[in-house]
Amino acid sequence: MPTGPKYPNQQLRSVSLETYFPGRLGVYAAFGEIQAAVEKTLPNLFVPNFQPGEPAALRPFQMRDAGQQRSLAVAVNQVTYVTFDYPGYPTFIEEALRMVEAALDCIKPPTLNRLVYRYENEIGMARDESKNLAVNLTFPGILPGVFGGSQTRAINAAFEHGWQGGVLHGAHGFHARAEEQGGSTVFKVTVFGSVEGCDLANLRTAADEAHRVGLELFESLISPGFRDFISSNSGE
């Protein structure tokens, strides 16, 4: 397990706290109130670019900070906070809940369907293959084999499994895939933990549990070699 707020060399693209609720048309009427509540921190508004055939109501509007590093996304069925500069869980969850709760207070959904804590890891593969950048990333008990070097280029795997802890329950899972970007291979691993049927009055407890189960899954997926790569003792 990491000893600090995050692994120093972790290849994170983004981390998000997502809340989902039964769709409410009243969200449209609340957009101005939500924007006013968060605009000191997130002053820039981004309107979705709808594509033909897309369910327009489910595409979120986004309010972002000046550096494009933090975003609050709001649609008729969700409020999501995303950061592209993850400071570690203790700092992240305070700012995420502050933004999410401000929006939910404006929308006032009667309940939440689901809360999700999601990590997106993105690892470039255009390095010396002898370093085995995937560093024997394994999926014990889930998928066979060792993914490193050229083998990584064929990965497109997903897994989701339920969990139960006291009165809370949900799912945790991952999606691992390799994608070609600009002539090099990028290995992406998205890991999440979720809590179903959340209590609006106790989002922090649900977020803590979603983070815990997602982090436990991530720890079970990575090999000692990969852990060394993303730890402070790595030479990378």
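When Gln69, Gln151 are screened for being in contact with a strand residue (DSSP E or B) (Cβ under 8 Å, 6 or more places away or on another chain) and modelled with pLDDT under 70, only Gln151 passes.
Among the residues of the range 67-81, what is the count of those that are outside any loop (DSSP other than H, G, I, E, B) and either among the polar types (S, T, N, Q) or touching a helix residue (DSSP H, G or I) at 6+ places or on another chain (Cβ under 9 Å) (or both)?
Our first condition is that a residue be outside any loop (DSSP other than H, G, I, E, B); within the range 67-81, this holds for 70-75, 78-81.
Now restrict to residues that are either among the polar types (S, T, N, Q) or touching a helix residue (DSSP H, G or I) at 6+ places or on another chain (Cβ under 9 Å) (or both): 70-72, 74-75, 78-81.
Matching residues across the range 67-81 total 9.
Among the residues of the range 195-229, the one identified as more than 19 Å from Phe174 (Cα to Cα) and among the β-branched types (Val, Ile, Thr) is Thr205.
Test Glu95 against the stated conditions and say whether it is among the acidic types (Asp, Glu) and under 16 Å from the mean Cα position of the chain (by Cα). Before the answer, list the steps.
Values: among the acidic types (Asp, Glu): yes; under 16 Å from the mean Cα position of the chain (by Cα): yes.
Here the answer is yes, as Glu95 does meet what is asked.
Can you confirm whether Pro52 is in contact with a strand residue (DSSP E or B) (Cβ under 7 Å, 6 or more places away or on another chain), more than 17 Å from Arg118 (Cβ to Cβ) and in a loop (DSSP other than H, G, I, E, B)? Lay out the reasoning, then the answer.
Numbers: in contact with a strand residue (DSSP E or B) (Cβ under 7 Å, 6 or more places away or on another chain): no; more than 17 Å from Arg118 (Cβ to Cβ): yes; in a loop (DSSP other than H, G, I, E, B): yes.
The answer is no for Pro52.
When every residue of the range 91-104 is checked against the conditions, none turns out to be surrounded by 14 or more Cβ atoms within 10 Å (Cβ to Cβ), assigned to a loop (DSSP other than H, G, I, E, B) and in contact (Cβ under 8 Å) with a residue 12 or more places away in the chain. Consider Glu39 carefully, then state whether it is loosely packed, with under 13 Cβ neighbours inside 10 Å and of a type in the set (D, E, K, R). The answer is yes for Glu39.
In the range 200-212 there is at least one residue matching the filter, namely being among the acidic types (Asp, Glu), touching a strand residue (DSSP E or B) at 6+ places or on another chain (Cβ under 9 Å) and buried (at least 18 other Cβ atoms within 10 Å of the Cβ).
The values are calculated or read from the model by the stated rules, or taken from the named source; none is laboratory data. None of the values given here were measured: they were computed from a predicted structure. We place every Cβ from the backbone using ideal geometry, glycine too, and count neighbours over all the protein chains shown.
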